[in-house]
Amino acid sequence: MKNVLAASVLSLTLFGFCSMGYAAGQVMHTVHIVEDRGPAIEDHWVYPDTCFLCHTGSPHGGPIDYELCNGCHSPGGTYDGVNDLVIGAKFNTGSEANPDEWVSDIYDADGKLKPGKENWCLGCHDDGYATVHTVDAPNIAGKSVNGNWQSPDAIVVNGFQGAENLVDGDLATGNLSTNDPEVIFDLGNTQDITHVRLHVNLGRATHWQVYGSNDLSSWDRILHGSSFNGGKTNWQVGPEQGWVEYRLDKFDPVRYIKLVRLFTHIHVGVDSVLEFEYKGDLQYGYLVNGHKISCDNCHDTTSIHVDGIAQSYKANLNNYTSGYRLTDVIVDAEIFPALEIPRVNCNNRDSVKNDNDFALCLSCHDRHSLLGDAYGVGDFFQNPPVTNFRNDAKNDAHGNVVNDHLLHLGGRGKCGNAKDWDSDWDGVPDSPQSCTACHNVHGSPNPAMTRHGELVSTPGTSDKVPMFNFQYLDGAAQVDPEMQDVFESTGGKTQFFAGGPGTPDKNNTCRMCHNDRVVYTRTP
């Protein structure tokens, strides 16, 4: 009875006679207390104790303890979700000068973000700490680190003779012996690194694997490299003199870097390796190489946002729209889900061109340019295809260049319905491929927003990185991990993991009807 009475008094206080004003008070309290869009602490109501979770002094519109915003609104991230003058929670709920004057200017009456508030969502979804209902807000903003090349602080004691010469800055002295297969560098503290390089003086190529760790006991591969031998992807160095550098494939903060030399029976000689350096220099994410448009262009901000479940979409629940809080799309006065996932019905190439399985993507991208080919009718007749995802070096049986977007979206098997893609990332293929099988619209370390695995990894890990690890080819048809401009590229290549066809066990994405690695070349 006491709790019922408390709840009655509470509802009158919060939603009827709050000194900060009925409308604003109702909106702000509802979001944080009743609706599943915030902490939703309604199960713990004991008036007035619950009020003091946020308010100091009087619960009737008393001052707010803004330190309590930190756990959800991530002031330590790239986008300060608490103190920022435009998108910070502090300045969108009430001013420090007048706590009773609540300002609710984030959304308009239709639930759309108001001008200037487009980055509101990134106040939680950045690289800072934001947790609601024990679920971490995934990092949509991406990563931004800048730094120059530097040497590690020290060498961890090991049997690699002359290893200390690799951190002395002297390019005239190097290793004394290469009998030991590994060397471990101590960076001095845990930090973000994105590139490694060796200064070498080699007469033949040598191969290394690169690992990272924070405790010298748990090691994770952070570079898969651009070459392979016997099914082992690795970093090929030499034969040449000078710096040989490469961008890493995983960007988890590490303190220790371990180089493991493969094929130790191959002698590389004294002073073959002269110096080792690393750096952190990488920018990617939603506003860098993602779609860069307001979040509410794709997401329904009025839907329930917090359900206490990480990665809410599950293929067996058929809840892609609600799981990702997507908005429906109007096509020719008819309403369609943003994306049909898992895909059903007939998904062959003719169906793909005319159906609305990709309604959200095609609300911006031109359907005919994306899916047209030599066999298309009307505006779908594109010979050669306009899309950049094509292989100019390989024609079909009739001598025509294949549109690889159409090829993949058309699926295979009866009516294109083979379940090749693991759409909910649980390891079991459950749907024909769709746009988001290969692309992360929020931006990626790899070009063309191709998936790299950060957002779909098990929460708190990077266990699906680097996925199929797509990278562009330069003018010499060599992989260039730094290249982002498709018009400078001459094609692309995915990571080789092991012999045989590609599978979700290897690439964490899909079954491939071809070999593990895909290569295409095109004229810019």
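When shorter helices are ignored and each DSSP H run of at least 4 residues is given -39500 (n - 2.57), the per-residue value for the chain at 222 nm works out to -2500 deg cm²/dmol.
Rounded to the nearest 20, the size of the Cβ-charge dipole of the chain about its Cα centre is 1440 debye, with Lys and Arg at +1 and Asp and Glu at -1.
Selection among C513, H368, N345 by position relative to the dipole of the chain gives C513 as farthest towards the positive end (Cβ unit charges, Cα centre). Inter-label distance, D426 to T30: 3.4 nm, where each label sits 7 Å from its Cα along the C-beta direction. Extension gain, Q241 to D170, is 24.1 nm, computed as 0.36 nm per intervening residue step minus the present C-alpha separation.
Across the chain, the relative contact order, built from alpha-carbon pairs under 8 Å that are at least six residues apart, equals 10 percent.
Within a straight-line Cα-Cα reach of under 18 Å, K117 can be paired with the following lysines, leaving aside sequence neighbours fewer than 8 residues apart in one chain: K90, K292. Recomputing log10 I(q)/I(0) by the Debye sum over Cα atoms at q = 0.10 Å⁻¹ from the coordinates shown identifies the correct label among (1) -0.92; (2) -1.23; (3) -0.84 as (1). Under a straight-distance cross-link criterion of Cα-Cα below 20 Å, which lysines are reachable from K250, leaving out those fewer than 8 residues away in the same chain? The reachable lysines, counting only those whose Cα sits under 20 Å from K250, are K143, K232, K258, K279, K464, K493, K506.
Working from Cα pairs under 8 Å separated by at least six residues, relative contact order for region 328-453 is 21 percent.
Annotation: extensible slack from A476 through T131 equals 119.6 nm (criterion: 0.36 nm per residue apart, minus Cα-Cα distance). Entry comment: accessible area of the chain is 47 Å² per residue, from protein heavy atoms only and a probe of 1.4 Å. For a test of the definition: using alpha carbon positions, the gyration tensor, and the 1.5 limit on a/c, classify region 369-524 as rounded, prolate or oblate. Oblate, since a/c reaches 1.5 and b/c is not below a/b. Under a plain spin-label model, where a point goes 7 Å from the Cα along Cα-to-Cβ, how far apart in nm are Y375 and F487? Result: 3.2 nm between the two label points. Between the helical axis of 2-15 and the longest alpha-carbon principal axis of the chain there is an angle of about 80 degrees. On the protein heavy atoms, probe 1.4 angstrom, tell me the percent of accessible surface of the chain carried by carbon and sulfur. Taking all protein chains in place, the chain shows 53 percent carbon and sulfur surface. Cross-link partners for K353 among the aspartates and glutamates, with Cα-Cα distance under 20 Å and sequence neighbours closer than 8 places in the same chain left out: D328, D332, E334, E340, D366, D373, D379, D396, D404, D420. Considering only alpha-carbon pairs that sit under 8 angstrom and 6 or more positions apart, the relative contact order computed for region 392-524 is 20 percent. With a Förster radius of 41 Å applied to the C-beta separation of D180 and H439, the computed FRET efficiency comes to 0.40. Region 441-512 and region 126-151 have Cα centres separated by 20 Å. When both region 184-214 and region 62-77 are represented by their alpha-carbon centers, they are found 39 Å apart.
Ranked by the mean number of other Cβ atoms within 10 Å of their residues, highest first, the peptides 376-389, 137-150 come out as 137-150, 376-389. The HN-Hα couplings worked out from phi for region 447-453 by the Karplus form 6.51 cos²θ - 1.76 cosθ + 1.60 (θ = phi - 60°) are x, 6, 6, 5, 4, 10, x Hz, whole numbers, x standing for Gly and Pro. Per-residue extension of 0.36 nm, minus the Cα-Cα distance of D105 and D307, leaves a gain of 70.3 nm for this segment. In this structure, the amide hydrogen of N391, modeled 1.01 Å from its nitrogen in the peptide plane, lies closer than 5 angstrom to those of V402, D404, counting only residues at least 5 positions away or on a different chain. With both labels modelled 7 Å from their Cα along Cα-to-Cβ, the N189 to H368 distance reads 5.8 nm.
Under the combined filter of DSSP loop state and at most 10 neighbouring Cβ atoms within 10 Å, region 213-309 retains none of its chymotrypsin sites (Phe, Trp or Tyr not before Pro).
The values are calculated or read from the model by the stated rules, or taken from the named source; none is laboratory data. The structure presented is a predicted model; accordingly, all values stated were derived computationally and were not measured. Don't worry about glycine lacking a Cβ; one is built from the backbone with ideal geometry, like all the others, and counts go over all protein chains shown. Accessible surface areas use protein heavy atoms only, side chains included; no ligands, DNA or RNA. Shrake-Rupley method; radii C 1.70, N 1.55, O 1.52, S 1.80 Å.
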